[in-house]
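K.L.:
Would you mind keeping the following structure in view while I ask a few things?
The values are calculated or read from the model by the stated rules, or taken from the named source; none is laboratory data. Here the structure is a predicted model, which is why all the values come from computation and not from measurement. Cβ sites come from the backbone with ideal geometry, for glycine too, and all protein chains shown count toward neighbours. Calculation scope for accessible area: heavy atoms of the full protein, side chains included, ligands and nucleic acids excluded. Shrake-Rupley method; radii C 1.70, N 1.55, O 1.52, S 1.80 Å.
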Amino acid sequence: MFLLITKYFYCLDPSLPKIIDRPISFDEQRIKLTLEYLESHYGIVQENPTILPRMVVVHWTAIPTMEATFNTFNPSTLPNTRSDIQSAGALNVSSHFLVDTDGTIYRLMPETTMARHVIGLNHCAIGIENVGPGVDGKLTPAQLESNVILINYLKKKHPIKFVIGHYEYQDFVGHPLWLEKDAGYRTEKVDPGIEFMEAIRKQIN
Ligand SMILES: [Zn+2]
């Protein structure tokens with residue numbers, strides 16, 4: 001019955017995203033590591049690993065499939081292969097949403113729980129990962145359509161002021177939202193590509 005009602009609702013309003021909840025593990029260890037990350041990187045001390053979303057950061061996974069990406073994000077701790085960011089804490093990377101190449105949107109964790117996906121801004125940023133890029137170096141038209149619908153939905157739901165590509169995050173160094181304490185903790189990013197962000201910005205509300 002619920003499914004029927006949900007389907008009917010989506011038919012009524014095609015601007016609402018169809019979201020499939022596929023939660024990654026958020027066990028006691030991940031909660032503890034997230035609280036530690038909030039304190040050590042941002043000076044934020046909280047009882048719960050929650051955020052007030054004010055930004056959306058769009059990514060690509062650089063992992064070729066949805067399943068492989070899910071399996072990468074699912075453990076609570078970083079694998080040994082991430083020596084580039086390991087010194088900044090054992091909390092594993094993740095994102096709130098994962099958009100497959102066919103445009104299917106998966107929600108991996110609650111929108112108001114902190115995910116580790118962007119240096120300096122995790123305390124206020126919802127992350128959208130897109131499976132890709134493909135062999136042509138691009139994300140797909142279906143992913144673009146889903147990102148636009150999803151971002152418009154998130155902007156209505158939360159006080160989102162900024163929508164950025166991961167490659168733009170260092171523009172926020174010195175901004176009031178930038179809280180990273182470690183001046184040496186930076187990685188260079190190109191995802192999800194300038195072209196994709198320009199297309200998103202043309203289409204979002
Ligand atoms: Zn990224």
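K.L.:
Using the basic label-point model (7 angstrom from Cα toward the beta carbon), what is the D102 to F162 distance in nanometres?
P.N.:
Computed distance between label sites D102 and F162 equals 3.6 nm.
K.L.:
Leaving ligands and nucleic acids out of the surface, order E129, E67 by accessible area at 1.4 Å, largest first. Intermediate results must be reported in sequence, preceding the final value.
P.N.:
Working: E129 20, E67 90 Å².
The most accessible residue leads, giving E67, E129.
K.L.:
I've got another one for you. Compare R30, R54 by solvent-accessible area with a 1.4 Å probe and give them largest first, with all protein chains kept in place.
P.N.:
Ranked list, largest accessible area first: R54, R30.
K.L.:
Within a Cβ distance under 11 Å of G103, other residues only, what is the Lys/Arg minus Asp/Glu net charge?
P.N.:
Combined, the nearby Lys, Arg, Asp and Glu give -2.
K.L.:
Here is a follow-up. Which of the lysines could a cross-linker bridge to K156, judged by Cα under 24 Å and excluding same-chain residues fewer than eight apart?
P.N.:
Qualifying lysines at Cα under 24 Å: K7, K18, K202.
K.L.:
Between T112 and A142, what's the calculated FRET efficiency when r is the beta-carbon distance and R0 is 22 Å? Round to 0.05.
P.N.:
Working: r = 27 Å, r/R0 = 1.23.
E between T112 and A142, to the nearest 0.05, is 0.20.
K.L.:
Rounded to a whole number, what % of the accessible area of the chain do carbon and sulfur atoms account for, probe 1.4 Å? Can you show the working numbers first?
P.N.:
Values: 6010 of 10430 Å².
Within the chain, the accessible surface is 58 percent carbon and sulfur.
K.L.:
Select from A90, A183, A125 the residue whose mean-square fluctuation is largest in a Gaussian network model of the chain (Cα-Cα springs shorter than 10 Å).
P.N.:
In the Gaussian network model the winner is A183.
K.L.:
Rounded, prolate or oblate: which fits region 18-203, taking a ≥ b ≥ c as square roots of the Cα gyration tensor eigenvalues, rounded meaning a/c under 1.5, else prolate when a/b beats b/c?
P.N.:
rounded
K.L.:
Determine the order of R82, R116 by accessible area, beginning with the largest, at a probe radius of 1.4 Å.
P.N.:
These residues rank, largest area first, as R82, R116.
K.L.:
I've got another one for you. Given the rule -39500 (n - 2.57) for each run of at least 4 DSSP H residues, summed and divided by the residues of the chain, what is its mean residue ellipticity at 222 nm, to the nearest 500 deg cm²/dmol?
P.N.:
On the way: 5 runs with 61 residues, N = 205.
Helices in the chain give a 222 nm mean residue ellipticity of -9500 deg cm²/dmol.
K.L.:
While we're on this one: Using r as the Cβ-Cβ distance of A90 and I44, and R0 as 30 Å, what FRET efficiency do you calculate, to the nearest 0.05?
P.N.:
Between A90 and I44 the formula returns 0.95.
K.L.:
Same structure, new question: With a Förster radius of 41 Å, plug the Cβ-Cβ distance of V135 and L16 into 1/(1 + (r/R0)^6) and report the FRET value to the nearest 0.05.
P.N.:
Numbers: r = 32 Å, r/R0 = 0.78.
The calculated FRET efficiency here is 0.80.
K.L.:
Ok, one more. How much length would be gained if the chain were fully extended between V173 and S25, taking 0.36 nm per residue of separation minus their Cα-Cα distance, in nm to one decimal?
P.N.:
This chain segment gains 50.2 nm when fully extended.
K.L.:
Given the protein chains as shown and a 1.4 Å probe, how many square angstrom of M55 are accessible, to the nearest 10?
P.N.:
The value for M55 is about 0 Å².
K.L.:
Additional query: Determine the sum of side-chain charges near V93: Lys and Arg each +1, Asp and Glu each -1, restricted to other residues whose C-beta is under 10 angstrom from that of V93.
P.N.:
Computed value for this residue: +1.
K.L.:
Hey, what did region 18-203 get for relative contact order, percent, Cα under 8 Å, at least 6 apart?
P.N.:
Relative contact order comes out at 29 percent.
K.L.:
To the nearest 10 square angstrom, how much accessible area does T112 have with a 1.4 angstrom probe?
P.N.:
Accessible area, nearest 10 Å²: 60 Å².
K.L.:
Let me ask you something else. When only C-alpha pairs under 8 Å and at least 6 residues apart count, what is the relative contact order of region 1-120, in percent? Walk me through the numbers on the way to the answer.
P.N.:
Values: 128 pairs, mean separation 40.1, N = 120.
Computed value for region 1-120: 33 percent relative contact order.
K.L.:
I would also like to ask the following. Near G134, within a Cβ-to-Cβ distance under 14 Å, what is the net charge of the other residues, with Lys and Arg +1 and Asp and Glu -1? Numbers along the way, then the final one.
P.N.:
Values: positive: K138; negative: D100, D102, D136, D191, E195.
Surrounding charge for G134 is -4.
K.L.:
Per residue, what volume in Å³ does the Cα convex hull of region 23-116 take up?
P.N.:
Dividing the Cα hull volume of region 23-116 by its residues yields 104 Å³.
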